[in-house]
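Here is the structure we will look at.
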Amino acid sequence: MGQIIKVAMPKGRIYKKAAALFREAGIDIPHDVDETRKLVIPLPEIGMEFILAKPVDVPTYVEYGVADIGIVGKDVLMEENRDVYELLDLGIARCRMSVIALPDWKPGIQQRVATKYPNVASQFFREQGQQVEVIKLNGSIELAPLIGLADRIVDMVETGQTLKENGLVELERIFDITSRLIANRVSYRMKNAEIQAVCDALAQVIVRDQVKA
Ligand code: PRP
């Protein structure tokens with residue numbers, strides 16, 4: 001019997017896609033886990049313990065080693081900049097990080113950018129040589145240009161529906177986003193066989209799906 005791996009799973013929209021991928025890879029997460037309100041779920045039958053975390057906190061749990069591995073979006077990884085290994089691009093929850101504005105936006109005196117990703121946004125505009133004031137918001141970022149809090153936003157675009165319905169346009173794509181498998185540096189050494197087995201099983205499914213596509 002190998003060692004139990006503690007897995008930080010993101011609650012919310014990524015969870016379903018990640019769970020489907022695990023199951024395709026032969027890791028049989030019991031279906032009642034999908035609906036539970038429990039936060040720590042021992043799953044000895046699959047050699048795991050799930051920690052159901054807020055997505056933005058997944059890299060923190062993994063960096064501190066209270067989770068051995070985790071599933072997290074590239075957006076969160078870029079913003080949080082935690083000291084973890086990125087093992088695998090899972091290719092799920094595909095979207096992009098973009099600069100967004102009202103269609104009549106022109107560079108002007110007001111250079112305020114609202115975002116849930118202040119580090120990503122600050123770095124991007126610094127590299128562009130643009131001086132902007134970054135305002136941190138926690139959701140519904142598209143509101144900011146609509147009601148005049150900021151003239152641009154940096155946010156995730158998936159289908160583009162939110163932009164369309166709010167009359168906003170994508171000015172520039174900053175980077176593409178997918179979910180990643182990450183690991184704690186010490187765990188990766190101490191539980192290498194177990195973690196590598198999960199990584200390999202997931203990688204096989206991803207390759208298989210790419211061949212099919
Ligand atoms: C995200 C993102 C956009 C939207 C993009 O918001 O911030 O608002 O999804 O998706 P779309 O291109 O398919 O419309 P989320 O639903 O996570 O909620 P939030 O506004 O609270 O961040």
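The values are calculated or read from the model by the stated rules, or taken from the named source; none is laboratory data. Since this is a predicted model, take the numbers as computed values, not measurements. Cβ: placed from backbone, ideal geometry, glycine included. Neighbour counts: every protein chain shown. Protein only, heavy atoms only, side chains kept; ligands, DNA and RNA dropped before computing areas. Shrake-Rupley method; radii C 1.70, N 1.55, O 1.52, S 1.80 Å.
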* Taking the residues in the stretch 100-120 that are β-branched (Val, Ile, Thr) and under 18 Å from the mean Cα position of the chain (by Cα) as candidates, determine which candidate is surrounded by the fewest Cβ atoms within 10 Å (Cβ to Cβ). => VAL120
* Working carefully through the options LEU88, LEU39, LEU43, find the one that is crowded, with 18+ Cβ neighbours inside 10 Å and not assigned by the TED database to the domain that holds VAL154. => LEU88
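How many of the residues making up the stretch 90-106 are over 30 Å from ALA20 (Cβ atoms), assigned to a loop (DSSP other than H, G, I, E, B) and in contact (Cβ under 8 Å) with a residue 12 or more places away in the chain?
3
Conditions (1) exposed (fewer than 14 other Cβ atoms within 10 Å of the Cβ); (2) over 11 Å from the mean Cα position of the chain (by Cα), marked per residue:
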position: ARG23; (1), (2): yes, yes
position: ALA53; (1), (2): no, yes
position: VAL62; (1), (2): no, yes
position: ALA93; (1), (2): no, no
* Search the stretch 154-165 for residues being within 9 Å of the ligand (Cβ to nearest atom) and outside any helix (DSSP H, G or I), and hand back the single one that is surrounded by the most Cβ atoms within 10 Å (Cβ to Cβ). => ASP155
* Structure fact -> Flagged pairs (Cβ under 6 angstrom, 6 or more apart or on separate chains; first in the stretch 153-176, assigned by the TED database to the domain that holds GLN110; second loosely packed, with under 12 Cβ neighbours inside 10 Å) are VAL169/PRO103
* Within the bounds of the stretch 167-183, is there any residue that is in contact with a Cys (Cβ under 7 Å, 6 or more places away or on another chain), open to solvent by 30 Å² or more (accessible area, probe 1.4 Å) and assigned to a loop (DSSP other than H, G, I, E, B)? -> no
